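Undergrad: The following block contains the structure, expressed as structure tokens.
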Amino acid sequence: MGNNLKTLALLTGMTLFLMFVGQALGGQRGMAFALAFAAVGNFVSYFFSDKIALAMYGAQPVSREELPRVYNVVERMTQRIGLPMPKVYVIPSESPNAFATGRNPAHASVAVTEGILNLLDDEELEGVLAHELGHVRNRDILISSVAATIAGAITFLARSAMWAGMFGGYGDRDDRERGGGGLTALLMMILAPIAALLIQMAVSRSREYEADHTGAQTTGNPYALARALQKLDAYSKRVPMVASPSTAHLFIVAPMVGGDTLASLFSTHPPIPKRIERLTGRPPDAF
């Protein structure tokens, strides 16, 4: 399934899920409210999911004059593979990481942390940026950004259902007397975070391998990206970046997932050793 179809399927699934929850919690009125909420959510997911992700981590736009080291690499890589120049952002964090976001190559952004700039040499940084541009070229940045927004919305609904269950639910008196509100709230608390994580995992694992491959092809130097991944894996554990479970899949290496204990049990990225082995054809300790 192409990424555009996957995005459509996610948006459709979000609409149906919200309508089901609205009907369960509030009957016909709840379903109507959920449909309106879904329409707004789909619009926001498509047009603003990238801005939401960047704002969550305090990413600041930078110009060529402010960050020539990154700007020059990105410009060279985009010219090589025929992409428009994306916007460049810096995240004020010492934890080394990076991600790309946007709804299409013409509206793409690449964000790097201050930590990654301090950690990697020029070849390794080029490998990371080529990986992120690989996401842009492979057109999976939209589905990743939309998945982040949907996962956040589902988690929000789960927490709303929890509070609704505590205070009597959303439905009318007949609904509450039947006891359905509390049961639905409990199910939401259990199932919604799992649904959010399944969305993340469905779009994350294979796309990381594909972006690694595209990045290595672009630079012609898979070993530089492999060295970068090895460094990022080690140093991001020493100086962890705490990320929301709904956006953890955006990053090149998995950040620490904060907030939900359940979410921390799941990984949204393939293991770094396997990624390195795919890039180099050898285990990490053999290159």
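Undergrad: Within the bounds of region 73-80, is there any residue that is under 26 Å from Met241 (Cα atoms) and in contact with a helix residue (DSSP H, G or I) (Cβ under 9 Å, 6 or more places away or on another chain)?
TA: yes
Undergrad: If you don't mind, there's one more thing I want to ask. I'm told Thr113 meets every condition in (1) more than 17 Å from Gly58 (Cα to Cα); (2) under 16 Å from the mean Cα position of the chain (by Cα); (3) among the β-branched types (Val, Ile, Thr) except one. Can you identify the failing condition by its number?
TA: (1)
Undergrad: Looking only at residues that are in a helix (DSSP H, G or I) and over 21 Å from the mean Cα position of the chain (by Cα) in region 219-229, which one is farthest from Ile276 (Cα to Cα)?
TA: The residue in question is Thr219.
Undergrad: Sticking with this one: When you look at Val40, is it modelled with pLDDT under 95, surrounded by fewer than 15 Cβ atoms within 10 Å (Cβ to Cβ) and either acidic (Asp, Glu) or in a helix (DSSP H, G or I) (or both), yes or no?
TA: When the stated conditions are applied, Val40 passes them.
Undergrad: Inspect region 155-163 for any residue being buried (at least 21 other Cβ atoms within 10 Å of the Cβ), at pLDDT 90 or above and part of a helix (DSSP H, G or I) and give the result as yes or no.
TA: no
Undergrad: Just one of Pro284, Pro271 is at pLDDT 80 or above and not β-branched (Val, Ile, Thr); which is it?
TA: None of the others qualify; the one that does is Pro271.
Undergrad: If I ask for residues that are of a type in the set (A, V, I, L, M, F, W, C) and closer than 16 Å to Ser49 by Cα, which ones from region 66-122 would you list?
TA: Phe99, Ala100, Ala106, Ala108, Val110, Ala111
Undergrad: Let me ask something else about it. Counting only residues that are hydroxyl-bearing (Ser, Thr, Tyr) and outside any helix (DSSP H, G or I), which one in region 60-103 is surrounded by the fewest Cβ atoms within 10 Å (Cβ to Cβ)?
TA: The residue in question is Ser63.
Undergrad: Of all residues in region 232-254, how many are more than 30 Å from Leu8 (Cα to Cα), surrounded by 18 or more Cβ atoms within 10 Å (Cβ to Cβ) and in contact (Cβ under 8 Å) with a residue 60 or more places away in the chain?
TA: Adding up the residues that qualify gives 4.
Undergrad: Follow-up question, since we're still on this one. The conditions are (1) outside any strand (DSSP E or B); (2) at pLDDT 95 or above; (3) within 26 Å of Phe47 (Cβ to Cβ); (4) β-branched (Val, Ile, Thr), and Val112 fails exactly one of them. Which is it?
TA: (1)
The values are calculated or read from the model by the stated rules, or taken from the named source; none is laboratory data. Predicted model, so just to flag it, every value in this text is computed and none were measured. So basically every Cβ, Gly included, is an ideal-geometry build from the backbone, and we count neighbours across all protein chains shown.
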